[in-house]
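Read through the structure below, which is laid out as structure tokens, and then see the notes.
The values are calculated or read from the model by the stated rules, or taken from the named source; none is laboratory data. Not measured: the values here are computed from a predicted model. Using ideal geometry, Cβ is built from the backbone for each residue, glycine included, and neighbour counts are taken over all protein chains shown.
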Amino acid sequence: MLPKFAENDNSNVTTESTEQSSGSKEDKQNLLRPTTGKFIYITRSQSDVVTSFYYHLSNQKEGTYTHGYTQFVVDWMDGNISFGSSLHHLLSFVDGFVDNEYASTVLKLEEDTREQHEQPLLLLSYEALKHNLHAEVQRIISFLNLKHIPKHILENELLPSFTFTSMKSNSSKFQPKSVTWLNNYQFLRKGIVGDGRELMMTTKVYSKEKGREVSLLELFHDWVKDEGYRERIKELVECGKLEKVVGEQFLALVD
């Protein structure tokens, strides 16, 4: 559902250039659209995502989940939890992005005056933000051309407020009010990396297919394999449609 073009905006297009354009009515309509806006897409390890989502849904009154963590992970992999399969979402996002026309929708008659091939998407990861918040925020600043922010404001006011510790101390600002929370549940729970993976690794379940007890993490990796997720990402990298560094980030989500 990523837009292929920006919304209609004829402010930068002259009548003369419009008349010179050729092609179908749809093509001419597209030529009237400037380059698209910018997107920031944040990923997180899927094992941490499912664990966080479990605590979220099992601690809210409306539509609460009551079948336990193990069943939740199974239902999540089957796409039976709200928002469907996370792998399908990730793959559809990657496919939607590589199949875009962001660079080619710039007005052809003004190619010399427009900045070409500017990447409209910034990929961030929860893990990178936790590991080096300063560097990742600098990427955001550069991407959004916010270089006018004074260094002392960034260092002393903004960055400290972006940490999980700061958010936790001001949790009322981040506690969603769209649902009723049970047992005084705090939406900001742990905010660490690897918590879900550890829980999935230590949670055992009997697999009829394998005839033995396995960890949820093993079932998770089997699911990723069955979905062909890694193969699809690698295929896009190998054919040059997806940058290698981007492919590596999406592959790391299911390790």
Any idea which residue in the range 205-233 is nearest to GLY96 (Cα to Cα), counting only those that are loosely packed, with under 14 Cβ neighbours inside 10 Å and of a type in the set (Lys, Arg)?
-> LYS225
Within the range 53-95, track down each residue that is more than 18 Å from the chain's Cα centre (by Cα), hydroxyl-bearing (Ser, Thr, Tyr) and surrounded by 12 or more Cβ atoms within 10 Å (Cβ to Cβ).
-> TYR54, TYR55, SER58, THR64, TYR65, TYR69, THR70
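May I ask you to list the residues in the range 207-219 that are in a helix (DSSP H, G or I) and in contact with a helix residue (DSSP H, G or I) (Cβ under 6 Å, 6 or more places away or on another chain)? Step through it out loud before you land on a result.
In the first step, residues of the range 207-219 are kept if they are in a helix (DSSP H, G or I); the result is 216-219.
Residues satisfying the conditions are LEU216, LEU217.
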Those residues of the range 67-84 which are in contact (Cβ under 8 Å) with a residue 24 or more places away in the chain and part of a loop (DSSP other than H, G, I, E, B), in sequence order = ILE81, SER82
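Does at least one position in the range 165-188 carry a residue that is touching a residue at least 24 places away in the same chain (Cβ under 8 Å) and in contact with a Pro (Cβ under 7 Å, 6 or more places away or on another chain)?
Of the residues in the range 165-188, the ones touching a residue at least 24 places away in the same chain (Cβ under 8 Å) are 167, 179-183, 185, 187-188.
In the following step, the residues that additionally are in contact with a Pro (Cβ under 7 Å, 6 or more places away or on another chain) were identified as 187.
Yes, the range 165-188 contains a residue that is touching a residue at least 24 places away in the same chain (Cβ under 8 Å) and in contact with a Pro (Cβ under 7 Å, 6 or more places away or on another chain).
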For SER178: the one exception among (1) surrounded by 11 or more Cβ atoms within 10 Å (Cβ to Cβ); (2) closer than 24 Å to HIS89 by Cα | (1)
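Among the residues of the range 75-90, write down those that are out of contact with any strand residue (DSSP E or B) (no Cβ under 8 Å at 6 or more places or on another chain) and within 14 Å of VAL224 (Cβ to Cβ).
Filtering the range 75-90 down to residues out of contact with any strand residue (DSSP E or B) (no Cβ under 8 Å at 6 or more places or on another chain) leaves 75-89.
Hits for the range 75-90 are TRP76, MET77, ASP78, GLY79, SER85, SER86, LEU87, HIS88, HIS89.
Take the residues in the range 201-233 that are of a type in the set (Asp, Glu) and without any contact (Cβ under 8 Å) to a residue 12 or more places away in the chain, then tell me which one is farthest from SER86 (Cα to Cα). Before you say what the answer is, go through the steps one by one.
Narrowing the range 201-233 to residues of a type in the set (Asp, Glu): 209, 213, 218, 222, 226-227, 231.
Narrowing further to those that are without any contact (Cβ under 8 Å) to a residue 12 or more places away in the chain: 209, 213, 218, 222, 226, 231.
Numbers: GLU209: 23, GLU213: 25, GLU218: 17, ASP222: 15, ASP226: 14, GLU231: 16 Å.
Restricting to residues being of a type in the set (Asp, Glu) and without any contact (Cβ under 8 Å) to a residue 12 or more places away in the chain, the top hit is GLU213.
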List, please: which pairs have Cβ atoms under 6 Å, are six or more places apart or on different chains, and start with a residue in the range 129-152 that is closer than 15 Å to ILE42 by Cβ and end with one that is of a type in the set (Gly, Ala, Ser)?
-> GLU136/ALA128
How many of the residues making up the range 18-66 are touching a Ser or Thr at 6+ places or on another chain (Cβ under 9 Å) and either in a helix (DSSP H, G or I) or modelled with pLDDT of 60 or more (or both)?
-> 22
